[in-house]
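Input: a single structure, listed below in structure tokens.
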Amino acid sequence: MSSPARKIKLEAKPNWVSTRNPCKACAPMGATLVMRGIEGGVPFLHGSQGCATYMRRYLISHFREPMDIATSGFSEASTIFGGGANLRQGLQNVTSQYKPGLIGIATTCLTETIGEDMNLLLHEYRAKGGQAENAPELVHVATPSYRGTHVDGFNDAVRAVVEQMAAEGALPSAYTQSFLNIFPGMVSAEDLRFLKEVADDFGIPATVFPDYSETLDGPSMLKYKKIPEGGTPLLALHATPAARASIELGRTLRQKKTAASFLQERFLVPAKRIGLPVGVEETDVFFNTMEKVTGAPMPEKYAAQRGRLIDAYVDGHKYVFGKRAIVFGDEDMVVGMTSLLAEIGAQPILCASGGKSGALAKSIAEVTTHLKEAPLVREGVDFMTMAEEAEMKELKPDFMIGSSKGAKFARALGVPLIRVGFPIHDRFGGQRILHLGYRGAQQLFDQIINTLLELKQDSSPIGYSYL
Amino acid sequence: MSIDPRVVKDELIQIYPKKLRQKRSEQIVVTQKGEGGSVPEIKANVRTSPGIITQRGCTYAGCKGVVIGPSRDILSITHGPIGCAFYSWLTRRNQTRPATLEDPNYINYCLSTDMQEENIVFGGEKKLKAAIREAAQLFKPKAIALFSTCPVGLIGDDVHAVARELKEELGINIFGFSCEGYRGVSQSAGHHIANNGVFKNVVGLNETPHPEKFKVNVLGEYNIGGDGFVIEELLTRCGIKQISTFSGNSTYDTMANAHTADLNLIMCHRSINYVAEMMEKRFGIPWMKINFIGADATAKSLRRLGEYFEDDALKARIEEVIAEEQEKVSGIREAVKARCTGKTAMLFVGGSRAHHYQQLFKDIGMKVLAAGYEFGHRDDYEGRKVLPTVKVDADSKNIEEIDVVPDPVRFRPRRTAERIEQMEAMTEMEFRDYVGMMPEMDDDTLVIDDLSQHESDRLLEMYRPDIFCAGIKEKFGVQKMGIPCKQLHSYDYGGPYAGFRGAINFYKDIDRMVNMKYASFLTPPWAAQEKEAQQAAAD
């Protein structure tokens, strides 16, 4: 808006009841993103039509790509008599318009509150002929908006789809060879392309799930395709139990029941549960894991990327050493960014998220062991709480790292915000930011240094031209 | 381009099952003016069938996001799980301009009760009350509005009772809205609910008098991209005092003071006509549909104000302003027209813009191939004369109709019924009327209500218009095909487009968009060469 944020007088009051400027969205949104990452998949929200519209517009503002989400469009009557009829009609209409390979259904606060029995409803639908030859596969996930965040919805959807689609017994020939499952968490389209490239370079087929690298970052086309190409193939989702191992990215996920833990418990697929590979150390762990599970040596090109990155770290150290940073956003992205900051000599002072996994503090501690001063870690907080904390504790950051949602907070503090993660709707190309790997770290590092240099140059009365 | 719109209509709906096909065939019409300028009947404001990907929003979005949200010092608290508040946080581009930095502006804030599982099970009223108390303590607002999301109605939280109780306790105005998302056909239901609430709880509470001679309210203008600023500036230059807007750049006090105006001007008929009607019944303020989109439309609207106030000095000032501004517009319009003539446009947006913006395209020689509203009703298409024949369905019955009677003290008809009649007879003015979109459209043009994603995809394939006007949800699919999409909800973060200055902005933006060359890049050279080679071989 045209006016700067108004100065609010602070009174010490630690535990606010309401959420004031949230650092999280609701669970079904994350689930729809997962469903969009399946080949031929159409996301479907069981609830009010407004949910689909709001989530579409939100995801679209980040990806700048079309994102169709269907809905059962509840009316007052459906809240009383149940939404079975709407669901059936909705599934039929999506099938006739889109001819999808799969419809991925997520519930909402409305349908969870009235207690819709999705298993029963879908069973009935299938029994009544929804299982004809070209009928799409149906998967569903419970995502009541009053529980968890968009990231929880995302991870729950990954697990639900894997659980419901994992096939026992014989597999198509393409999946009798050795292959990997990679569950990357909520990362960018560019990150997904990176992970597929790594698997390729290690010479092992990989099922990356979800995979919206093409469905939400696709090409122009003269003839429009309602369902864009790309996405994790349905066959691959049936074959996940036959994988040699699952690699799951995200330290805060380790305590949770996830797709990887399910496959390990049920099908004895070893689960490698590691951090999001942001920065050198976390990326080293990732490549080590890849070497171990594939038995193949580290491809030369990544070793070269690592070499260049370390060289840059040394060259850039003087600009970033001791700089204080606030990191916020989705939990695993926060952990990754904190790890990167800690290893380049910056001081993360506040690591905060709207998510509340219970594992953020522990994860941050693990990636900041060599920091003298431990950062403040705040789970389940909103932006006003962060701002109050920053003011009361006189955190005085030099810069911030996080999503577009922190722009006003950064502006009020008068510090630059380096945009990473989700959502990014006030900069261009959020879906193409590479966060992962040595090359991702290189890009982030360059951006951090350049942001600090620009600040220094612009605020200097002398006028530097060599920095 | 000679595509028969009737064939297109059949093509759009042919994949639907029979019942749905029948319903959609009534929502898609081809314009054809009959005797006395009659237009075909269209089915509108009916529920979108499940599984059809609509661009419509929900009741909450219309109430909180559209009507109440733009008011900068009414503090909004969304009662519900976090999503609804998050998705409606600064997503509309209603600009606001507080007089000083110290003046409150709550638009930047997003407050939610962020309901958790235990609130769903045990009720959320206690949490809502606590949220109101802390918001009151933190912001010290004059007024707090509470918005219900889907689960609130289901678990039986009574936001109105909470509002009454806390209003008493805190001594500030607090009011609630039962705008649960599932309640209506679209955001339109939310507009109506917001109109009712603001009329019951805000209008008439501020008696500050104004010495100015000519006083109006501008209703249904949300100051997207600064349109409202342009309109207020124009009115001020003409010597007309804008008492309030509903609700772009508005404050609680100006809305509470609206009943002191002598005329209500309506921009977006769909979202605000209810308040205009109620204000006329209670306070005697007539209302008039005007349109500040397009230079000629703006001139016409300003002249009507001169006629209404029957003041020669005012009329003279209005003519001066029009002459001064039209001169600036005409040069640019002609230059742009030379580059845009013959190009084609489609508009699918809102409840008024798909109508208002057609004129801007005509100004620069462009042809409108198809248009439609996202959440309009029959009267927005066919004109208010059809109101007596509009069917009232269960969804409409759901929304309270307030019984309004003249205020015993403050009812003061600004013009007698006879005078209004005379004015209507003598001038082009019509009071309490909106002619609708279709009577002003060329024959044989497609009008489609609640265009679905599937229909929009097919329409683009068949026509490949030079520009498609819609919102962010459609934008990137359209642009994938190399066709530029102009967002008429957010103006693509540009604008303003209202008034004379806005028309110039719009002409320039459209010129840039319809003349861009990206479409020629869609086919890469190797594919083009291959095609040529195939062609040569075939020859």
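Observations, loosely collected:
- Within the range A:91-107, the presence of a residue that is among the charged types (D, E, K, R), closer than 12 Å to A:PHE44 by Cβ and either within 9 Å of chain B (Cβ to nearest Cβ) or surrounded by fewer than 24 Cβ atoms within 10 Å (Cβ to Cβ) (or both) is excluded.
- Boolean, A:ALA52 is more than 7 Å from chain B (Cβ to nearest Cβ), in contact with a Leu (Cβ under 9 Å, 6 or more places away or on another chain) and closer than 25 Å to B:SER490 by Cα: yes
- Hey, B:ASP492 surrounded by 15 or more Cβ atoms within 10 Å (Cβ to Cβ), in contact with a Cys (Cβ under 8 Å, 6 or more places away or on another chain), more than 14 Å from B:MET346 (Cα to Cα) and not β-branched (Val, Ile, Thr) or not: no
- Unique match (being in contact with a helix residue (DSSP H, G or I) (Cβ under 6 Å, 6 or more places away or on another chain) and closer than 22 Å to A:GLY406 by Cβ) among A:VAL327, A:VAL334: A:VAL327
- Residue list for the range A:411-460, filter: part of a helix (DSSP H, G or I) and hydroxyl-bearing (Ser, Thr, Tyr): A:TYR438, A:THR451
- Test: residue in the range B:341-349 that is surrounded by 23 or more Cβ atoms within 10 Å (Cβ to Cβ), at negative phi and out of contact with any Phe, Trp or Tyr (no Cβ under 7 Å at 6 or more places or on another chain): yes
- Out of B:VAL435, B:VAL390, sole residue that is touching a helix residue (DSSP H, G or I) at 6+ places or on another chain (Cβ under 9 Å) and under 30 Å from B:ASP311 (Cα atoms): B:VAL435
- Per the listing A:THR79, A:THR32, the residue uniquely under 16 Å from the mean Cα position of the chain (by Cα) and assigned by TED's automatic domain parsing to the domain that holds A:GLU116 is A:THR32.
- Pairs meeting the criteria (first residue in the range B:102-117 and within 7 Å of chain A (Cβ to nearest Cβ), second residue part of a loop (DSSP other than H, G, I, E, B) and acidic (Asp, Glu), beta carbons under 6 Å, at least 6 apart or on different chains) are B:PRO104/B:ASP73.
- The criterion of at least 3 residues that are within 15 Å of A:LEU33 (Cα to Cα) is met, among helices (runs of 4 or more DSSP H) falling completely within the range A:49-167, by A:49-63, A:150-165.
- Answer from A:SER261, A:SER188, A:SER220 - the residue that is surrounded by fewer than 18 Cβ atoms within 10 Å (Cβ to Cβ) and of a type in the set (Ser, Thr, Tyr): A:SER220
- Qualifying positions in the range B:86-101 - touching a strand residue (DSSP E or B) at 6+ places or on another chain (Cβ under 8 Å) and without any contact (Cβ under 8 Å) to a residue 60 or more places away in the chain: B:PHE86, B:SER88
- Some residue of the range B:134-149 being among the acidic types (Asp, Glu), touching a residue at least 24 places away in the same chain (Cβ under 8 Å) and at the interface with chain A (Cβ under 9 Å from one of its Cβ atoms): no
- Residue within the range B:512-527 that is more than 10 Å from chain A (Cβ to nearest Cβ) and closer than 30 Å to A:ALA52 by Cβ present: yes
- Long-range neighbours under 6 Å by Cβ, at least six apart or interchain, first residue closer than 30 Å to A:TYR212 by Cα and more than 7 Å from every other protein chain (Cβ to nearest Cβ) within the range A:68-82, second of a type in the set (Lys, Arg) and surrounded by fewer than 24 Cβ atoms within 10 Å (Cβ to Cβ): none
- Test for A:PRO397: is it modelled with pLDDT of 95 or more and crowded, with 24+ Cβ neighbours inside 10 Å: no
- Residue selection: B:ALA519 satisfies the criterion of being among the small types (Gly, Ala, Ser), surrounded by fewer than 16 Cβ atoms within 10 Å (Cβ to Cβ) and not in a strand (DSSP E or B).
- Count of the range A:208-239 residues, restricted to those that are of a type in the set (A, V, I, L, M), out of contact with any Asp or Glu (no Cβ under 6 Å at 6 or more places or on another chain) and within 12 Å of another protein chain (Cβ to nearest Cβ), is 3.
- B:ALA99 being under 25 Å from B:GLU221 (Cβ atoms) and part of a loop (DSSP other than H, G, I, E, B): yes
- Flag for B:LEU451 being surrounded by fewer than 24 Cβ atoms within 10 Å (Cβ to Cβ), closer than 20 Å to B:VAL30 by Cα and at pLDDT 95 or above: no
- Those helices (runs of 4 or more DSSP H) of the range A:317-410 in which 3 or more residues are more than 22 Å from A:VAL17 (Cβ to Cβ) and outside the structural domain of A:LEU59 (by TED's automatic domain parsing) occupy A:331-343, A:360-367.
- Checking every residue in the range A:36-44 against the condition of being in the same structural domain as A:GLY82 (by TED's automatic domain parsing) and surrounded by fewer than 24 Cβ atoms within 10 Å (Cβ to Cβ) gives at least one match.
- Of the helices (runs of 4 or more DSSP H) lying entirely inside the range B:374-475, those carrying at least 2 residues that are under 24 Å from the mean Cα position of the chain (by Cα) are B:378-382, B:394-397, B:453-463.
- Condition met for B:ARG501 (of a type in the set (Lys, Arg), within 23 Å of the chain's Cα centre (by Cα) and either in a helix (DSSP H, G or I) or closer than 30 Å to B:ASP10 by Cβ (or both)): yes
- Test for B:ALA417: is it exposed (fewer than 14 other Cβ atoms within 10 Å of the Cβ), among the hydrophobic types (A, V, I, L, M, F, W, C), more than 30 Å from B:GLY204 (Cβ to Cβ) and without any contact (Cβ under 8 Å) to a residue 12 or more places away in the chain: no
- If the condition is being among the hydroxyl-bearing types (Ser, Thr, Tyr), without any contact (Cβ under 8 Å) to a residue 40 or more places away in the chain and either surrounded by 13 or more Cβ atoms within 10 Å (Cβ to Cβ) or touching a Lys or Arg at 6+ places or on another chain (Cβ under 7 Å) (or both), then the range B:2-37 contributes B:TYR16, B:SER25.
- Taken over the range B:475-487, the criterion of being buried (at least 21 other Cβ atoms within 10 Å of the Cβ) and facing another protein chain (nearest Cβ under 8 Å) is satisfied by B:LYS475, B:GLY477, B:LYS480.
- Scanning the range A:28-48 for residues that are touching an Asp or Glu at 6+ places or on another chain (Cβ under 7 Å) and either within 8 Å of chain B (Cβ to nearest Cβ) or assigned to a loop (DSSP other than H, G, I, E, B) (or both) returns a single hit, A:GLY37.
The values are calculated or read from the model by the stated rules, or taken from the named source; none is laboratory data. No experiment lies behind these values; they were computed from the predicted model shown. When we count neighbours, we look across all protein chains shown, and the Cβ atoms used for this are built from the backbone with ideal geometry, even at glycine.
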